[in-house]
1. Name the one entry in Phe45, Phe31, Phe27, Phe62 that is in a loop (DSSP other than H, G, I, E, B), among the hydrophobic types (A, V, I, L, M, F, W, C), modelled with pLDDT of 90 or more and out of contact with any Lys or Arg (no Cβ under 6 Å at 6 or more places or on another chain).
2. State all residues of region 140-155 that are in contact with a strand residue (DSSP E or B) (Cβ under 7 Å, 6 or more places away or on another chain) and either β-branched (Val, Ile, Thr) or surrounded by 11 or more Cβ atoms within 10 Å (Cβ to Cβ) (or both); if no residue qualifies, say none.
3. Would you pick out the residues in region 33-75 that are of a type in the set (Phe, Trp, Tyr) and surrounded by 22 or more Cβ atoms within 10 Å (Cβ to Cβ)?
4. Go through region 106-134 and count every residue that is surrounded by 14 or more Cβ atoms within 10 Å (Cβ to Cβ) and more than 30 Å from Val205 (Cβ to Cβ).
5. Kindly list the number of the only condition in (1) surrounded by fewer than 17 Cβ atoms within 10 Å (Cβ to Cβ); (2) within 18 Å of Thr225 (Cα to Cα); (3) under 16 Å from the mean Cα position of the chain (by Cα); (4) not polar (S, T, N, Q) that fails for Asp86.
6. Can you tell me how many residues in region 99-116 are farther than 23 Å from Ala67 by Cα and within 12 Å of the chain's Cα centre (by Cα)?
7. Looking at the structure I just gave you, is Ser75 over 19 Å from Gly161 (Cα atoms) and free of Cβ contacts under 8 Å to residues at least 24 places away in the same chain?
8. Looking at region 178-190, is at least one residue outside any loop (DSSP other than H, G, I, E, B), farther than 28 Å from Gly38 by Cβ and in contact with a Ser or Thr (Cβ under 9 Å, 6 or more places away or on another chain)?
Amino acid sequence: MRHRILIAALASAGLMACAGEAAADGFIITFTGHVEFGQDDTNVFGLGSGANLDGLAVTQTFVVDYAKGSPHDLSGGPYTRDYIGDQDFVRSTTTINGVAAYTGAQGGIDDRTNYWLDPAHAGNPAYKSGFGEFAGDEAFVNSVDPVSGDQMLETWDIFAGGYGQNFNYHPDLGVGPPIFTAADNLDFFGAFTISHELFDNTKGVAVYDYQTTGNWTADSVTITTFESGGVPEPAAWALMILGFGASGAALRRRRSAAIVA
């Protein structure tokens, strides 16, 4: 599969385009593509409970902010870099049908892996080098059922991950946004899960467990960097995400020279 890569400058939003330069406080990476397979049990995207998401357009955006969440490297090896942070280090938004599901991450991961630097795996086609962004959030409420008196636990979970990989890719392991070109021929893909569960702790059974899940493939990727304080708040950048998708569609229709095919 051939992928189009658009590196965009958004000066009006206080963002600067990234072309591999270092030292920004963070970056926003936006994947635009379609859902390969998925189902919306929780009616997150306004299509009805149990709606099939297969083939629908999706935009998955990750905001990685090195100034938040006290990120630290837990890679433990010379061929990988795993920055892991707490609240708001990585945030994500999944947009389908014009509805954005936001993840204000309690935990996030910004990953780079270059297996070509590892003698045990270099040249092995089973190991694809690449980058990955992950955001996860969870909330829960303990209560007592007024009828049975059972102890109840209600939880909400949302997780999202986006990745770019290829066998011959040699990612830079430095801090900052992933660096790649069309010549790297990366596979862009990811997944999201949004769940709502009510569990009866007394009886040890689930009363209900609704899952909204999807696996997606992207055919365009946009990366921008920002300085400290320059990243918009969730409501603002959720609107910007919709703008990214619309702009990308218009550019594709016009076969703009800014897109590398």
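The values are calculated or read from the model by the stated rules, or taken from the named source; none is laboratory data. Predicted model, so just to flag it, every value in this text is computed and none were measured. FYI the Cβ positions are ideal-geometry reconstructions off the backbone, even for glycines, and counts take in every protein chain you see.
1. Phe45
2. Correct list: Phe140, Val141, Ser143, Val144, Asp145, Asp150, Gln151, Met152, Leu153, Glu154, Thr155.
3. Hits for region 33-75 are Phe45, Phe62.
4. 20
5. The failed condition is (2).
6. Matching residues across region 99-116 total 1.
7. Answer is no for this residue.
8. Looking for residues that are outside any loop (DSSP other than H, G, I, E, B), farther than 28 Å from Gly38 by Cβ and in contact with a Ser or Thr (Cβ under 9 Å, 6 or more places away or on another chain), one finds none in region 178-190, hence no.
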